[in-house]
Every structure is written in structure tokens, then in C-alpha cells.
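Visitor: Below is a structure I'd like to ask you about.
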Amino acid sequence: MIWECSHRYDPRAVRLADRHYSRQKPGTPQFMKAGSCAVFYAEAGTGKAVWGTSWQRSEWVKHAWPGAWECAIFRNEGVGKASTLIRQAVAATRAHYGAPPTPGMITFVDPSKVREKANPGHCFIIAGFRPAGHTAGGLLALRLAPEDMPNAEPARWSQWSLFGEAA
């Protein structure tokens, strides 16, 4: 397991989140939306990565998959193969929350903002996510069904997980 537990205020993770295309308010001290979240951070050599799973109350969700875990952010800056990092982050999310919800996990990709424009979400598809439609705003929705998720495996603990909301 490369991921370590982190939190929504971890300055290392905030710096990575600030460089993600989905970041709404760069420079703010936290980067996850309201509600429950599991945040993981990884470093290897000179590489860094951040993952954030959001699990919001169904009545707060504006998309077609209420109750699903949502990969709210994933940014890999050279830690390793993205699809492997995604599978490990899903395993760590399962260890954090327990049994996955019936809708599984969802993520949204803006095809106009990713490098692999010919195949947006490619690393998620390699990790087992499948196209599930589009949002009203045109984002590609990718879903990982519970039966396709890896087994639970906890993220490593670190000193950072002692501060703020532990992931």
C-alpha cells in the first residue's frame, strides 16, 4: 500500500489539489467538499499523489448517483502507474468506510481538461471503472461497481493523520 492516511487540510495535499483542473478555490486551506471524506497522500522518490473520496448525504448530491462514494480528486505527479494507485485508493476507501454502497464509486472527468482527450478517464477505465453516462454539465461519469472493487486494505498511518480530520 503506497497511500498514507491524510486529511482535507494537509498542506502537502492542498498544494497538489491546487494544481488539479477541478480545484474551485486554489489557495484555500482545504480542498474537499462538505461531508464525510477519506483523503490519502503518497510520496515516492520525487513523485507525489493525492486522492480524496467524498461520501455525501444523498439529499446533498446533484448528480444521478446519490449514495455513491465519489472520487472527488485524484492527482498523480509521478508516484507510479495511475491505475494501480486508483485500485489501492479504492481498497483504502473500503477499509475506511466498510462495505461499499450499492451505487459503488463514481468519478467525473472533464474531457476538455485532460491530456488524454482521445480517451478521457483512461486510467480509471484500466482500474475497472466503466462509463455510466454524463452529467448535465457534460462531464463523463465513470462508475466502479461494488463487485469490481478490490478488497479492503488500510492506508498507512502518518503523523499528518493526527491533525484535523483523519482520513
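The values are calculated or read from the model by the stated rules, or taken from the named source; none is laboratory data. As the structure is a prediction and not an experimental result, all values here were calculated from the model. Cβ placement follows ideal geometry from the backbone for every residue including glycine, while neighbour counts extend to all protein chains displayed. Calculation scope for accessible area: heavy atoms of the full protein, side chains included, ligands and nucleic acids excluded. Shrake-Rupley method; radii C 1.70, N 1.55, O 1.52, S 1.80 Å.
Visitor: Please list, by residue number, everything in region 79-109 whose backbone N is under 16 Å from a paramagnetic label point 7 Å out along Cα→Cβ of Lys62.
Guide: What the label zone holds, given the 16 Å backbone N cut-off, is 108-109.
Visitor: For the chain, modelled as a Gaussian network with Cα springs under 10 Å, which listed residue fluctuates most, Ile106, Ile73, Ile125?
Guide: Maximum fluctuation in the GNM of the chain, among the listed residues, is at Ile125.
Visitor: So if I take the centroid of the Cα atoms in region 1-32 and the same for region 73-93, what is the distance between those two points in Å?
Guide: 14 Å
Visitor: Taking a cut-off of 28 Å between Cα atoms, list the lysines near Lys48, but don't count ones fewer than 8 places away on the same chain.
Guide: Candidates past the 8-residue exclusion: Lys25, Lys33, Lys81, Lys113, Lys117.
Visitor: Compare Lys113, Lys48 by solvent-accessible area with a 1.4 Å probe and give them largest first, with all protein chains kept in place.
Guide: Details: Lys113 120, Lys48 70 Å².
Greatest to least solvent exposure: Lys113, Lys48.
Visitor: Let me have the relative contact order for the chain, percent, based on Cα pairs under 8 Å that are six or more residues apart. Don't jump to the answer; show the numbers that get you there.
Guide: Numbers: 341 pairs, mean separation 46.6, N = 167.
Relative contact order of the chain: 28 percent.
Visitor: Between Tyr97 and Ser112, what is 0.36 nm times their sequence separation minus the Cα-Cα distance? Round to one decimal in nm.
Guide: Numbers: separation 15, 0.36 × 15 = 5.40 nm, distance 3.22 nm.
Taking 0.36 nm per residue and subtracting the Cα distance, the gain is 2.2 nm.
Visitor: Got a sec? What order do Asp110, Asp148 fall in by accessible area at 1.4 Å, biggest, i.e. largest, first? Don't skip to the answer; put the middle values down first.
Guide: On the way: Asp110 35, Asp148 75 Å².
So the residues, ranked largest to smallest area, are Asp148, Asp110.
Visitor: At 1.4 Å probe size, with the rest of the protein present, what percent of the exposed accessible area of the chain is carbon and sulfur atoms? Present the calculation step by step, with values, prior to reporting the outcome.
Guide: Working: 4390 of 8340 Å².
In the chain, the share of accessible area belonging to carbon and sulfur is 53 percent.
Visitor: So, counting K/R as plus one and D/E as minus one, what does the shell of residues with Cβ under 12 Å around Val61 add up to? Walk me through the intermediate numbers first.
Guide: Working: positive: Lys33, Arg57, Lys62; negative: Glu59, Glu70.
That works out to +1.
Visitor: Diagonalise the Cα gyration tensor of the chain and give the resulting equivalent ellipsoid semi-axes, square root of 5 times each eigenvalue, largest first, whole Å. Please list the in-between numbers first.
Guide: Numbers: eigenvalues 93, 64, 56 Å².
So the three semi-axes of the chain are 22, 18, 17 Å.
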